[in-house]
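Asker: Can you keep this structure in mind? I'll have questions shortly.
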Amino acid sequence: MPELNTDTYAAIDLGSNSFHMIVARRSDDRLVVIDKIKDMVQLAAGLSNDRMLSEEAMVRGIGCLEKFGQRIHELPRQNIRAVGTNTLRQARNATLFLSRARQALGHSIEIIAGREEARLIYIGVANNMFNDTDKRLVVDIGGGSTEVIIGKGFEPILTESLYMGCVSMTQRFFADGEITAKKMRKAVVYARQELESTENIYKQEGWQQAIGSSGTAIAIHDVVTQQGWSEAGITHESLETLMQELAKTGNISKLKFSGLSERRTPIFVGGTMILYAIFEALGIDRMVISEGALREGLVYDLIGRAQDHDIRDRTVDTMIQQYRVDPEHINRVTKTAHTLYIQLRESCDLNEQDNKLIRWAVSLYPVGLRIAHSQYQKHGEYLVRNSDMPGFSRQEQALVATLIRYHRRKLWSDDSRLQLEESADKIRYLCLIVRLAILLNRSRSQSPLPEFTITLKDKTVNLHFPENWLTEKPLTEADLGTEADYLKTIGITLEFE
């Protein structure tokens, strides 16, 4: 096995049906897969009607992640990314599971939004089957959601995540194992309803090739080709034949198709209903299969971050333009924030990821002004927390939104209001830097700030400016006095001179 080094990456996908891990090494411009591990945890099967994950499902997931953790413990932390998808997006007790899962894996786990999942799937497929001339339709049927994407080259054009998957569809229509024509029709109609608001937009955009990725599409492809119903790919005709054969079989326990594994069998019917509905709704004649999917997309995304091609920076730049934020002012605030970060990072135990969070927060703090000046920090928080932000996990969005919410005026009255994974101290220090960077540039003067120093010791912050500078800036001095009062409420003493 090749020696693990800084060019080795690991991506972990906590899917609703299966947990996947890929370990790959970057060699020139391609990935060399070192290891792949898959476990059909079936997390979605443990999600109750009131959206609570069962203890049994959590135990299955923790056991799998302990194995994954053993495999990746020697890798650099920045080369590992683990994400949770639809079931963890829905579960009301996801925080409890994530706490236990993080300990088992030895690494933090991000929850990603449906459209972010779709973007990453497309990146995985695009790198596996590169084509920069044609538009491609990519369909990925997971355990709890289905992602449908149109893209060209490496860029997705349309992304959608639908609330149906092979596990949830099976539980809804085939829980007793019985397969009837009536149940199949109901399942297909339900899937068509989910597709109703999407199909016309996708048809208008158009594509030249349809691609299926992940377990359901691969399983259907294996069945229709090994049964001799299709010579290559999944055709509309072969899918029709499969539907007829499922109806004849009558029960999930009797499914014995060549190419269908025992572990895939219980959820095969639900996945087939979804794919058939997609073929019907979008008028697909033939679909080919890609081995690339979410985990490969995660690896390529990690490599992009390592090479300073972070999609999150592009997302923030797009929002700056969208909300007409003054770029010159943001550059000044960002420069001040970086100066503060450099001087405080050791005493506040901050890292480069924290530096990025600070930069994104100070870049987006004015977006709420597009709604109203009054309480604009609250408007900004809402916009950032609830926008589609390519590249960002839900946790990252929530933290940036929190920093924007508390960049001015009153701070939180108790730590429970934060509801974030990071420690209270970490959030205090990130907030301190964001607030001071914005405060020191409040006048929007184009004159650069003088060199200053800032230190932290025992929750006391000392901010030192050149002699007489504050005397000549009475408004800034007054603002710092007000800020000292605000910071006292979260246990920080601010002294300045």
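Asker: Which of the listed residues, 206, 480, 380, is farthest toward the dipole's positive end in the chain, when Lys, Arg count +1 and Asp, Glu count -1 at the beta-carbon?
Answerer: Projecting each Cα onto the dipole axis, the largest value belongs to 380.
Asker: Would you list the P(r) distribution for the stretch 67-136, with all Cα-Cα distances sorted into 10 Å bins from 0 and each bin expressed as a whole %?
Answerer: With a bin width of 10 Å, the distribution comes to 17, 37, 32, 12, 2.
Asker: Still on this structure, please answer the following. Would you calculate the separation in nanometres between label points at residue 288 and residue 371, each defined as 7 Å from the Cα along the Cα-to-beta-carbon direction?
Answerer: Label-label distance for residue 288 and residue 371, simple model: 4.6 nm.
Asker: Any idea what log10 I(q)/I(0) is at q = 0.13 Å⁻¹ for the stretch 8-112, Debye with uniform C-alpha scatterers and no solvent?
Answerer: -0.44
Asker: Continuing with this model, one more query. Between residue 35 and residue 258, take the C-beta separation as r, use R0 = 22 Å, and let me know the FRET efficiency to the nearest 0.05.
Answerer: 0.20
Asker: Still on this structure, please answer the following. Would you compute, from DSSP H runs of 4+ residues alone, the mean residue ellipticity of the chain at 222 nm, taking -39500 (n - 2.57) per run and dividing by the full residue count, rounded to the nearest 500? Working shown, then result.
Answerer: Numbers: 17 runs with 242 residues, N = 497.
Counting only the DSSP helices, I get -16000 deg cm²/dmol.
Asker: Now a separate question. Which of the GluC sites (Glu not before Pro) across the stretch 158-227 are loop residues per DSSP, with 15 or fewer other Cβ within 10 Å? Each step should come with its number before you reach the end.
Answerer: Details: sites: 160, 178, 194, 196, 199, 205; in loops: none.
Within the stretch 158-227, no GluC sites (Glu not before Pro) qualify (loop, at most 15 other Cβ atoms within 10 Å).
Asker: Work out the length of the dipole vector of the chain about its Cα centre, built from +1 on the beta-carbon of each Lys and Arg and -1 on the beta-carbon of each Asp and Glu, and round it to the nearest 20 debye.
Answerer: Working: 61 positive and 66 negative charges, 214 e Å.
The dipole magnitude comes to about 1020 debye.
Asker: Counting pairs of alpha carbon atoms under 8 Å apart in space and at least six apart in sequence, what relative contact order in percent does the stretch 123-256 give? All intermediate terms of the calculation are to be shown ahead of the outcome.
Answerer: On the way: 176 pairs, mean separation 34.5, N = 134.
That works out to 26 percent.
Asker: What are the principal axis extents of the Cα atoms in the stretch 310-449, in Å, biggest first?
Answerer: Taking max minus min along each principal axis of the Cα atoms, the stretch 310-449 gives 34, 33, 32 Å.
Asker: Under the 0.36 nm per residue contour assumption, what length would be gained going from the current alpha-carbon distance of residue 240 and residue 346 to full extension?
Answerer: Numbers: separation 106, 0.36 × 106 = 38.16 nm, distance 6.33 nm.
Computed gain between residue 240 and residue 346 is 31.8 nm.
Asker: Another question, then. Enter the angle in degrees (range 0 to 90, nearest 10) between the Cα long axis of helix 265-282 and the first principal axis of the Cα atoms of the chain, meaning the one along which they spread out most.
Answerer: Tilt relative to the chain: about 80 degrees.
Asker: Among 36/152; 335/356; 410/459; 135/183, which pairs are too far apart, with a Cα-Cα distance over 23 Å?
Answerer: With Cα atoms farther than 23 Å apart: 36/152; 135/183.
Asker: State, in angstrom, two size descriptors of the stretch 409-497 derived from its alpha carbons: Rg to one decimal place and Dmax to the nearest whole number.
Answerer: Final numbers for Rg and Dmax: 13.9, 42 Å.
Asker: What does the extension gain come out to for residue 322 and residue 482, with contour length at 0.36 nm per residue minus their alpha carbon separation? Spell out each step's value before the answer.
Answerer: Numbers: separation 160, 0.36 × 160 = 57.60 nm, distance 3.22 nm.
Length gained, residue 322 through residue 482: 54.4 nm.
Asker: Applying the Karplus parametrisation 6.51 cos²θ - 1.76 cosθ + 1.60 with θ = phi - 60° to the phi angles of the stretch 61-78, what ³J(HN,Hα) value in whole Hz is obtained for each residue in order, glycine and proline being reported as x?
Answerer: Using θ = phi - 60°, the values come out as x, 5, x, 5, 5, 4, 5, 4, x, 5, 6, 10, 5, 8, 7, x, 4, 6 Hz.
Asker: A follow-up question, please. If exposed trypsin sites (Lys or Arg not before Pro) are those in a DSSP loop with at most 13 other Cβ within 10 Å, what is the longest stretch of the chain that has none? Walk me through the numbers on the way to the answer.
Answerer: Details: sites that count: 51, 92, 256, 324, 409, 410, 442, 444, 459.
Answer - 93-255.
Asker: I'd like the orientation of helix 474-488 relative to the chain: the angle between its Cα long axis and the longest Cα principal axis, in ° from 0 to 90, rounded to 10.
Answerer: Roughly 60 degrees between the two axes.
Asker: How large is log10 of I(q)/I(0) for the stretch 115-293 at q = 0.17 Å⁻¹ when the intensity is taken from the Debye formula with one equal scatterer per alpha-carbon?
Answerer: Reported log10 I(q)/I(0), two decimals: -1.01.
Asker: How long, wide and thick is the stretch 158-246, going by the Cα atoms along their three principal axes, in whole angstroms, largest first?
Answerer: For the stretch 158-246, the Cα spread along each principal axis is 37, 32, 21 Å.
Asker: Checking a compactness column here: for the stretch 348-421, what do you get for Rg(Cα) / (2.2 N^0.38 Å), N being the number of residues? Show your work: numbers first, answer last.
Answerer: On the way: Rg = 12.2 Å, N = 74, 2.2 N^0.38 = 11.3 Å.
Ratio of Cα Rg to 2.2 N^0.38 Å: 1.08.
Asker: Same structure, new question: Share of Cα-Cα pairs in the chain beyond 34 Å, in percent? It would help to have the intermediate numbers written out before the result.
Answerer: Details: 53060 of 123256 pairs.
In whole percent, the long-distance tail amounts to 43.
Asker: PRE reach from residue 419 (point 7 Å along Cα→Cβ): which of the stretch 373-408 fall under 14 Å by backbone N?
Answerer: So the set is 382, 385-386, 395, 398-399, 401-402.
Asker: Only residues of the stretch 326-342 count here: report those whose backbone N is under 18 Å from the spot 7 Å along Cα→Cβ of residue 446, or say none.
Answerer: 326-335
Asker: Under the Kirkwood approximation for Rh and a Cα-based Rg, what ratio Rg/Rh is obtained for the stretch 110-173? Mind showing how you got there, number by number?
Answerer: Numbers: Rg = 12.5 Å, Rh = 12.1 Å.
Taking Rh as the inverse mean 1/r over Cα pairs, Rg/Rh reads 1.04.
Asker: Going by Cα centres, the stretch 81-145 and the stretch 305-319 are how many Å apart?
Answerer: Cα centres, the stretch 81-145 to the stretch 305-319: 19 Å.
Asker: Do any GluC sites (Glu not before Pro) in the stretch 1-105 lie in a loop, going by DSSP, with at most 14 other beta-carbon atoms within 10 Å of their beta carbon, and if so which? Mind showing how you got there, number by number?
Answerer: Numbers: sites: 3, 55, 56, 66, 74; in loops: 3, 74.
Passing sites in the stretch 1-105 are 3, 74.
Read-outs throughout are calculated quantities, based only on the coordinates presented, and are distinct from any laboratory measurement. Everything numeric here is computed off the predicted structure, so don't read it as measured data. Heads up, the Cβs are rebuilt from the backbone with ideal geometry, glycines too, and the neighbour counts pull from every protein chain shown.
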